[in-house]
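S.K.: Sharing a structure here in structure tokens format.
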Amino acid sequence: MSHQVKVPHGALMNTGSKSRSSAFMKSFHKHKYYYVLLLPGIIYFILFKYIPMGGIAIAFQDFRIAGNVFDSPWAGLKWFNILFESPDFWTALRNTVIISFYKLLFNFPAPIILALLLNELINGAFKRIVQTIIYFPHFVSWVVLGSILFSVFSVDTGVTKWLGLSTSPIMNPELFRGFLVGSEMWKEVGWGTVIYLAAIAGVNQELYEAAKIDGANRFKLVLHVTLPSIASTIVVLLILRTGQILNVGFDQIFILYNPLVYNVADVLDTYVYRVGLTMGRFSLATAAGLFQAVVGLCLLVFTNWLVKRMGERGLW
Amino acid sequence: MIRKSWGERTFEAGNMLLLALLSLVTLYPLWHEISISLSSAAGAMRGGLFLFPRGFTLDAYKSVLSSSFIWLAYRNSIFVAVVGTVLHVLFTATTAYALNKRGLPGVKAMTLLLIFTMVFSGGMIPTYLLVKSLGLTNTLWALIFPGMISAFNVIVMQSFMRTIPEEVEESAMMDGANPLRIFFTIIMPLCKPVIATIALWECVGLWNNFMQALIYLNDKKLFTLPLLLKEIIAGQQLATDSGQFTTFAAESAIAATVIVSIVPILAVYPFLQKYFMKGTMLGSVKS
């Protein structure tokens, strides 16, 4: 189809090519300083974003580290077949979906509820102190928080025995996923309120006054005024979050997981890392990464479509 | 003022109690770690809740700070954070400024290509192979260049730049200043608030960056703090398992390293809180 369009287009171009190219040069000359400013950005995005996208080709090749993308033989869907027949991949996918689902279920609403509670505080100084404390873990890396959690939940130096557990939840396959969800909530719930508090601050105060005159109590104000007013913020964040469903966070899991819990903790991110960079099976790992990226993109587009059908404003 | 009902006052008290409890739960692990780093072997091994260090000693800090690797890691982390932040802010700003020029041929297509990078990427392996073929593996530049500009920050900066009145630029243009000069002498100074936000954002990200350090660095002299910390944890666990170390030596050394590596974050935290909040609001206005 593109061929059909191209021929007449090319013919048209030929007749006026000279004047066109000089017009182009003129326009380029006029804007040259802007292009100078754009140049680093253009180089960066081509080199570090679009060339790796082209590099996805190695998922369809028998890639050899000695060669490059251009001289590796094509392999069709071979790596995808190997991937979909590998039990390790299915374990990783299942774990990813389960962990992600729990994180979405608990850690997505948590900051909304916390923001509503913070908003109900009347004592301004107390509110600021609480905010200062609960924002802090967001700024600390998982490596650091992971080491802290290891020692806090260690059988020897930690609170594990005090809590009545005989093993650290980090070493227990039954508790590990819950621990992932809980520790992420601990790290991010405070910071997550910032965006909702900003949205709540923007709610029209007259709405509250009107509802109060109608006899609404505090709970009803939250339910009928605050929540509907911040619904669009919640929806946008939810759409963005669903696009990330297959990315559960490499750092957290890589830091916390250990041989005792590999079965329940290995996710796609750690699978891609292990298969690609520790075992050197680049084509297989790229295939898994591509699967992850495509599913993420599809989920994003689908949720956005769904949200728009339900009458809310989407991302685009 | 209307008098509050009994139920309302109970709710307020309960809410304060709940949030105070949450603050305690958030702070406790950090306090526990500080206590362990300052405790003696026997004190640390008793476990349970730590209200204070037990058998106060600075031995763990002495041994951690006398290792040359922690200072090297500090230097590497500072280099990556400073150079990475400067380059990130500069090139995010140039890109945002030029892409805001609606009349510039090609701007629409470039904006679309920019946004596309937010929803789709080549992934870990193709990026790794690229960085490797550029000869950047085992250099600190591997932590700086691959994240040098982010589409999200470009958009945040663009929306801030749009609030600058056009007359400012037009009058400078009349005086014969070229766009490069306008950008550096007029636009950049006016963008200070958004630059501060993005700079802090990026600085913390680079300071905490673990995954790229793990993937790209092999030479221990090049390790950044997060990677060194991970190696100490893994190494100490191995050493403990094989009986070379007592658990105490491992736990207290790790704890001291942890505390040493978050001191800079604690030091800049007041600024972080202020500017990050502004930044998140900038971002939310956009979306």
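The values are calculated or read from the model by the stated rules, or taken from the named source; none is laboratory data. These numbers were taken from a predicted model, which means no experiment stands behind them. All Cβ positions, even for glycine, are placed from backbone atoms using ideal geometry, and neighbour counts span all protein chains on display. SASA here: full protein model, heavy atoms, side chains in, ligands and nucleic acids out. Shrake-Rupley method; radii C 1.70, N 1.55, O 1.52, S 1.80 Å.
S.K.: How large is the accessible surface of residue B:230 in square angstrom, using a 1.4 angstrom probe and rounding to the nearest 10?
M.R.: 50 Å²
S.K.: Just the accessible area for residue B:185, please: 1.4 Å probe, Å², rounded to the nearest 10?
M.R.: The value for residue B:185 is about 90 Å².
S.K.: If you don't mind, another one. Roughly how many nanometres apart are two label points built 7 Å out from the Cα toward the Cβ at residue B:82 and residue A:35?
M.R.: The answer from the label model is 3.7 nm.
S.K.: Calculated FRET efficiency, residue A:279 and residue B:196, Cβ-Cβ r, R0 45 Å, to nearest 0.05? Spell out each step's value before the answer.
M.R.: Values: r = 43 Å, r/R0 = 0.97.
After rounding to 0.05, the efficiency reads 0.55.
S.K.: Binned at 10 Å from 0, what are the whole-percent values of the Cα-Cα distance distribution for chain A, short to long?
M.R.: Going out from 0 Å in 10 Å bins, chain A shows 5, 17, 22, 23, 17, 11, 5, 1, 0 percent.
S.K.: Using the Cα centre of region A:80-309 as the reference point, and only Cβ charges (+1 on K/R, -1 on D/E), how large is the resulting charge dipole? Debye, rounded to the nearest 20. Please report the intermediate quantities before stating the final value.
M.R.: Details: 15 positive and 13 negative charges, 58 e Å.
So the dipole magnitude of region A:80-309 works out to roughly 280 debye.
S.K.: Using a Förster distance of 51 angstrom, determine the FRET efficiency expected from the C-beta separation of residue B:170 and residue A:163, and round it to 0.05.
M.R.: Values: r = 66 Å, r/R0 = 1.30.
Calculated transfer efficiency: 0.15.
S.K.: Please name which of A:22, A:111, A:249 has its Cα lying farthest along the dipole of chain A towards the positive end, using unit charges on Cβ (Lys, Arg +1; Asp, Glu -1) and the Cα centre as origin.
M.R.: A:22
S.K.: What are the residues whose amide H is under 5 Å from the amide H of residue A:61, where those residues sit 5 or more places off or on another chain and H is modelled from the backbone?
M.R.: HN-HN under 5 Å from residue A:61: A:75.
S.K.: Whole Å is fine, so just give me how far the alpha carbon centre of region A:90-141 lies from that of region B:91-120.
M.R.: Centre-to-centre distance over Cα atoms comes out at 33 Å.
S.K.: While we're looking at this one, here's another question. What are the membrane-span-like helices in chain B by this rule: whole DSSP H runs, Cα extent along the axis at least 20 Å, mean Kyte-Doolittle hydropathy at least 0.0? Could you put the intermediate results ahead of the total?
M.R.: Numbers: long enough: B:6-37 (47 Å, 0.65); B:68-99 (46 Å, 1.35); B:192-208 (24 Å, 0.92); B:225-241 (24 Å, 0.65); B:247-286 (50 Å, 1.09).
Length and hydropathy pass: B:6-37, B:68-99, B:192-208, B:225-241, B:247-286.
S.K.: Still on this structure, please answer the following. What residue among A:256, A:175, A:284 has the largest mean-square fluctuation in a Gaussian network model of chain A, using Cα springs under 10 Å?
M.R.: Looking only at A:256, A:175, A:284, the biggest GNM fluctuation is shown by A:175.
S.K.: Whenever you get a sec, compute what percent of the accessible area on the protein assembly as shown sits on carbon and sulfur atoms (1.4 Å probe).
M.R.: Ligands and nucleic acids excluded, carbon and sulfur give 68 percent.
S.K.: Let me know the charge dipole size of the protein assembly as shown about its Cα centre in debye, to the nearest 20, where only the beta-carbon of Lys, Arg (+1) and Asp, Glu (-1) is charged. Before the final figure, lay out the partial values.
M.R.: Working: 45 positive and 30 negative charges, 259 e Å.
Charge dipole of the protein assembly as shown: 1240 debye, to the nearest 20.
S.K.: Using the eigenvalues of the Cα gyration tensor, what equivalent ellipsoid semi-axes result for region B:1-71 when each is taken as the square root of five times the eigenvalue, whole Å, largest first? Display every interim value, and only then the final one.
M.R.: Details: eigenvalues 367, 41, 12 Å².
Semi-axes from the Cα gyration tensor: 43, 14, 8 Å.
S.K.: Which order do A:165, A:145 take when ranked by solvent-accessible area (1.4 Å probe, heavy atoms of all protein chains), largest first? Each step should come with its number before you reach the end.
M.R.: Values: A:165 60, A:145 5 Å².
These residues rank, largest area first, as A:165, A:145.
S.K.: Please name whichever of A:303, A:261, A:229 sits farthest to the positive end of the charge dipole of region A:193-316, dipole taken about the Cα centre and charges placed at Cβ: Lys and Arg +1, Asp and Glu -1.
M.R.: Of the candidates, A:303 comes out farthest on the positive side.
S.K.: Roughly how much accessible area, to the nearest 100 Å², goes out of reach of solvent when B and A pair up, both sides summed, probe 1.4 Å? Walk me through the numbers on the way to the answer.
M.R.: On the way: alone 17740 and 20120 Å², together 30040 Å².
In total, chains B and A hide about 7800 Å² from solvent.
S.K.: To the nearest Å, what is the center-to-center distance of region B:143-171 and region A:39-64, using C-alpha atoms only?
M.R.: When both Cα centres are located, 25 Å separates them.
S.K.: Continuing with the same structure: Top mean-square fluctuation among B:74, B:28, B:128, Gaussian network model of chain B, C-alpha springs under 10 Å?
M.R.: B:28
S.K.: Continuing with the same structure: What does the helix-only formula give at 222 nm for the protein assembly as shown: each DSSP H stretch with n ≥ 4 adding -39500 (n - 2.57), the total divided by the residues, and the result rounded to the nearest 500 deg cm²/dmol?
M.R.: Values: 31 runs with 411 residues, N = 603.
Theoretical 222 nm ellipticity from helices: -21500 deg cm²/dmol.
S.K.: Something else about it: Positive end of the charge dipole of chain A (Lys, Arg +1 and Asp, Glu -1 on Cβ, about the Cα centre): tell me which of A:154, A:288, A:61 has its Cα farthest that way.
M.R.: Toward the positive end, the furthest listed residue is A:61.
S.K.: Just check the protein assembly as shown against the gyration tensor rule for me: Cα atoms, a ≥ b ≥ c as the square roots of the eigenvalues, rounded for a/c under 1.5, and otherwise prolate or oblate depending on whether a/b exceeds b/c.
M.R.: On the way: a/c = 1.63, a/b = 1.23, b/c = 1.33.
Since a/c reaches 1.5 but b/c is at least a/b, the shape of the protein assembly as shown is classed as oblate.
S.K.: Enter the mean projected area of the convex hull around the alpha-carbon atoms of region B:1-125, in nm², rounded to one decimal. Each step should come with its number before you reach the end.
M.R.: Details: hull surface 74.4 nm².
Result: a mean projected hull area of 18.6 nm².
S.K.: Let me ask another. Determine the order of B:118, A:185 by accessible area, beginning with the largest, at a probe radius of 1.4 Å.
M.R.: On the way: B:118 90, A:185 65 Å².
The ranking, largest first, comes out as B:118, A:185.
S.K.: With a cap of 13 neighbouring Cβ atoms within 10 Å, and only residues DSSP puts in a loop, list the trypsin sites (Lys or Arg not before Pro) found in region B:125-182. Present the calculation step by step, with values, prior to reporting the outcome.
M.R.: Values: sites: B:132, B:162, B:181; in loops: B:162.
Counting only loop positions with at most 13 other Cβ atoms within 10 Å, the trypsin sites (Lys or Arg not before Pro) in region B:125-182 are B:162.
S.K.: Sticking with this structure for a sec: Which of these, B:57, B:224, B:163, has the largest mean-square fluctuation under a Gaussian network model of chain B (Cα springs below 10 Å)?
M.R.: Between B:57, B:224, B:163, it is B:163 that shows the largest mean-square fluctuation.
S.K.: How large is the charge dipole for region A:178-316, taken about the Cα centre, if only the Cβ atoms of Lys, Arg (+1) and Asp, Glu (-1) carry charge, to the nearest 20 debye? If you can, show how the numbers build up before the last one.
M.R.: Numbers: 10 positive and 9 negative charges, 45 e Å.
Roughly 220 debye for region A:178-316.
S.K.: So if each residue of separation counts as 0.36 nm, and I subtract the Cα-Cα distance between residue A:295 and residue A:84, what length gain in nm does that give?
M.R.: On the way: separation 211, 0.36 × 211 = 75.96 nm, distance 1.46 nm.
Gain on extension, residue A:295 to residue A:84, equals 74.5 nm.
S.K.: Give me the lysines in straight-line cross-link reach of residue B:220: C-alpha distance below 22 Å, same-chain residues under 8 apart excluded.
M.R.: Here the lysines satisfying the reach criterion relative to residue B:220 are B:62, B:132, B:230.
S.K.: Reachable lysines from residue A:308, Cα under 19 Å, same-chain residues fewer than 8 places away excluded?
M.R.: Straight-line reach from residue A:308, under 19 Å: B:286.
S.K.: Over the Cα atoms of chain B, what Rg and Dmax result, in angstrom?
M.R.: My reading of the Cα-based Rg and Dmax gives 24.7, 76 Å.
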